[in-house]
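Reviewing the structure listed below.
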Amino acid sequence: MDDSGSAASSCCHGPSACVFTKALMARSASCELATRHALGETDAMTCGSPVAQANCTTLSALLRERAGFVLRLPRPPSPLPHVKALQLQCGGLIALQRILEAPDDDVHHMIGLAHERHGSLLDLPWRAMVDAIAAWQPRRRRPQPGPGA
């Protein structure tokens with residue numbers, strides 16, 4: 001289980017942890033402010049801007065709140081299963097990019113564009129966003145070659 005969908009945390013739990021680490025690691029989105037760090041056998045992402053991190057935290061909380069019923073998510077602060085956290089982050093950011101018709105998938109740019117066009121993240125077209133999040137499917141893995149291949 002993962003609690004990366006909660007507003008206050010992500011998979012690396014530090015004070016500057018990137019809220020959308022899963023989406024960035026899955027390459028569903030990018031961010032000019034994120035920095036990747038190797039932590040033993042895992043990677044972590046940190047955010048270089050406290051203001052941007054606050055904006056991302058707000059968007060993450062709104063994604064969980066608005067899509068919670070449709071995705072049958074546990075209520076915060078309960079942790080999310082990994083696949084649900086991926087669906088929320090990847091599906092949410094892809095939906096945001098489509099709705100804004102953003103030229104790139106940079107999270108920081110998309111949140112700025114959302115504020116510019118809608119005034120607030122609260123005023124996004126959440127119905128369309130939630131529908132897109134619910135429709136998101138993870139990429140299928142490539143079949144592994146058989147033992148005789």
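Every condition in (1) touching a strand residue (DSSP E or B) at 6+ places or on another chain (Cβ under 9 Å); (2) touching a residue at least 60 places away in the same chain (Cβ under 8 Å); (3) in a loop (DSSP other than H, G, I, E, B); (4) under 26 Å from Gly14 (Cβ atoms) holds for Pro74 except the one numbered (2). Is one or more of the residues making up the stretch 30-50 part of a helix (DSSP H, G or I) and surrounded by 23 or more Cβ atoms within 10 Å (Cβ to Cβ)? Looking through the stretch 30-50, none of the residues is part of a helix (DSSP H, G or I) and surrounded by 23 or more Cβ atoms within 10 Å (Cβ to Cβ).
Among the residues examined, Ala44 qualifies as in contact with a strand residue (DSSP E or B) (Cβ under 6 Å, 6 or more places away or on another chain) and over 15 Å from Ser28 (Cβ atoms). In contact with a helix residue (DSSP H, G or I) (Cβ under 9 Å, 6 or more places away or on another chain), over 26 Å from Pro15 (Cα atoms) and among the basic types (Lys, Arg): is that true of Arg142 in this structure? Judged against the criteria, Arg142 is not a match. For the stretch 54-73, the set of residues classified as over 12 Å from the mean Cα position of the chain (by Cα) and surrounded by 16 or more Cβ atoms within 10 Å (Cβ to Cβ) consists of Asn55, Arg66, Ala67, Gly68, Leu71, Leu73, listed by residue number. Figure legend. Inter-residue proximity from the stretch 25-38: first residues closer than 18 Å to Gly14 by Cα, second residues part of a loop (DSSP other than H, G, I, E, B) and among the hydroxyl-bearing types (Ser, Thr, Tyr), beta-carbon distance below 8 Å, spacing 6+ or different chains. Indicated pairs: Leu33/Ser49.
Rule-based calculations on the coordinates, nothing more; no lab input. Since the model is a prediction, treat every value here as computed from it, not as a measurement. For neighbour counting, all protein chains shown are included, and Cβ atoms are generated from backbone atoms with ideal geometry for every residue, glycine included.
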